Amino acid sequence: MTEDTTLPKGLTPDQSRALDLAATAAQTYRETLPQTGARPQVDLDTAVGRFRTPLAEEGIPEAEVIEGILNGAEGALHNMSGPTFFGYVLGGSHPVGVAADFLVSAWGQNAGSAFETPAITGMERAVCDWVIDLLGLPAQSGAGLVTGGSVANMVGIMAGRHALLADQGWDVEEDGLFGAPEIPVLIGADAHSAPFAGLRYAGFGAARATRVATDDQGRIDVAAFEAALEGCAAPPLVILQAGQINTGAFDPFAQIIPLVRARGGWVHVDGAFGLWVAAVPELADRLAGVEGADSWAVDLHKWLNAPFDAGMVIVRDRAPLVASMSARGSYLPDLTAHWEPSDSTPELSRRGRGVPSYAILRNLGRAGLREMVKRHCDLAGYIAGVLAAEPGLRVMNEVHSNQVIVSCDQDAQTMAVLERVQQRGRVYPTHGEWAGQKVIRISLIGYAMQRAHADLVASEIIGAWRWYQEGAP
Ligand SMILES: *Cc1c(COP(=O)(O)O)cnc(C)c1O
């Protein structure tokens, strides 16, 4: 590139300083993370009050803006990226992904267009290929990089909606759902809320879906499923789950998927975190048969530890994915010849959200990913063993992957123990509900979690339970 000296430089000194300040603050934050408390010290109202002021008439210099943000965030950030955060099922924003994310923002590429953003497209296509391969899914599948598991589920459901209705001679993209043939929907009773939201967004309605009975680990009961399938008047949309949020369990794919295929139905798998166990040969039996489905939703910001927001929808046959997502509607040129990112996602314009995952996969390699996923599952088993040995605590699940749920005899005890643990601020598990009981849920998923962190969360929970039994002074 030649420099045109008649034009102003790309950055003013203040803009440069703002970038420096942000980079330095980011580094300091992550360097000190393992030593900082698990939860924010500043409450929500206080934090909001710091920022939610009337917008001034006059602007302020860039560096001052960043300083203001850093001051305002002081004590009000949650240590979600650190290895002592066991809440929900959240990845830890791996530093190499964060570094790559800086570049994504700095480069400002609109990744919706392949030919306008060749470098981003190259990295994102690599991520799609690698993830499809790592998960053992059909190599020719179509894929879309979306914001997370919820959108990935919605898109998979919409691709299935397109295909099932097309099979019945109905073009849902042109004619919508009014007057369309009815598509039965089957889903497990212990499915995550996200696919139900996807069903709503796709016009199927959440309550219209048949909720199939599950076993004590939240897996779909095959006999109950067969009965439900028997009652379907048309080829159904079936939603299965890899990784139940509380138990970490997996639906019996090998038994269910062939039944659905024989009926001409569509199987979508919500594998937001659970599909990643495919990376570990010793654990891959949990996913046996999953590659026979039609679409899969997986998060990149969970087990891969990509910075938010990043997820992927994978569809065996790319045509219904593109037909349901492309903004080019029915005037589609030959879409198989050219991989246009915006054809596979709801967004036309978007950031290069696959780039951080490219960086993380390059950094970990196959071996690093395998080691991380296995380590988390091993640690989950270890924690369950330690907690189960404590009188009065009950581990409520078999450990299938990386989730552990534990409870006391009564809900009030469980919640008091959890509150104590969270208040002490050394680790942060969160709550859930299982089998009609409140539970403390411990999710092992942050890239930096090691045995010492597992020991800490177990001892904090046991310590809080003993404190409670001594009368909780
Ligand atoms: C997290 C999760 C989702 C939703 O994913 P988001 O990335 O939070 O949108 C869906 N299903 C399961 C099983 C999950 O764990």
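The values are calculated or read from the model by the stated rules, or taken from the named source; none is laboratory data. This is a predicted model, so every value here is computed, not measured. Because the Cβ atoms are built from the backbone with ideal geometry, glycine has one as well, and the counts that use them run over all protein chains shown.
Data table
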| item | result |
| --- | --- |
| Qualifying position, being at pLDDT 95 or above, within 24 Å of ILE245 (Cα to Cα) and of a type in the set (D, E, K, R), among ASP190, ASP133 | ASP190 |
| Hits in the range 434-467 - residues which are assigned to a strand (DSSP E or B) and touching a residue at least 40 places away in the same chain (Cβ under 8 Å) | TRP434, GLN437, VAL439, ARG441, ILE442, SER443 |
| Flag if ILE257 is closer than 30 Å to LEU90 by Cβ and buried (at least 24 other Cβ atoms within 10 Å of the Cβ) | no |
| Qualifying residues in the range 282-327 (those that are within 20 Å of the chain's Cα centre (by Cα) and small (Gly, Ala, Ser)) - the one modelled with the lowest pLDDT | ALA284 |
| Contacts under 7 angstrom Cβ, first residue in the range 53-74 being in the same structural domain as PRO40 (by TED's automatic domain parsing), partner modelled with pLDDT of 95 or more and of a type in the set (Asp, Glu), 6 or more apart | PRO61/ASP14; GLU62/ASP14; ALA63/ASP14 |
| Checking GLU64 against (1) surrounded by 11 or more Cβ atoms within 10 Å (Cβ to Cβ); (2) not in a helix (DSSP H, G or I), the condition it does not meet | (2) |
| Selection within the range 163-187 - over 26 Å from ALA213 (Cβ atoms) and either small (Gly, Ala, Ser) or surrounded by 24 or more Cβ atoms within 10 Å (Cβ to Cβ) (or both) | ALA163, ALA166, GLY169, GLY176, GLY179, ALA180 |
| So LEU55, is it surrounded by fewer than 16 Cβ atoms within 10 Å (Cβ to Cβ), under 30 Å from GLU347 (Cβ atoms) and out of contact with any Leu (no Cβ under 7 Å at 6 or more places or on another chain) | yes |
| Residue in the range 195-212 that is crowded, with 24+ Cβ neighbours inside 10 Å, more than 11 Å from the ligand (Cβ to nearest atom) and free of Cβ contacts under 8 Å to residues at least 40 places away in the same chain present | yes |
| Extreme residue, surrounded by the most Cβ atoms within 10 Å (Cβ to Cβ), among residues of the range 422-433 that are in contact with a Lys or Arg (Cβ under 8 Å, 6 or more places away or on another chain) and outside any strand (DSSP E or B) | PRO429 |
| Cross-chain or 6+ apart pairs with Cβ under 9 Å, the range 122-148 first and closer than 18 Å to PRO307 by Cβ, then aromatic (Phe, Trp, Tyr) and within 16 Å of the ligand (Cβ to nearest atom) | THR147/PHE308; GLY148/PHE308 |
| The range 223-250 residues that are under 17 Å from GLU182 (Cβ atoms), paired with ones that are part of a strand (DSSP E or B) and acidic (Asp, Glu) (beta carbon under 9 Å, 6 or more apart) | ILE239/ASP270 |
| Close pairs (7 angstrom Cβ cut-off, 6 or more residues apart or separate chains): assigned by TED's automatic domain parsing to the domain that holds ALA242 and on the phi > 0 side of the Ramachandran plot in the range 294-321, more than 10 Å from the ligand (Cβ to nearest atom) and among the β-branched types (Val, Ile, Thr) anywhere | ASN305/ILE360 |
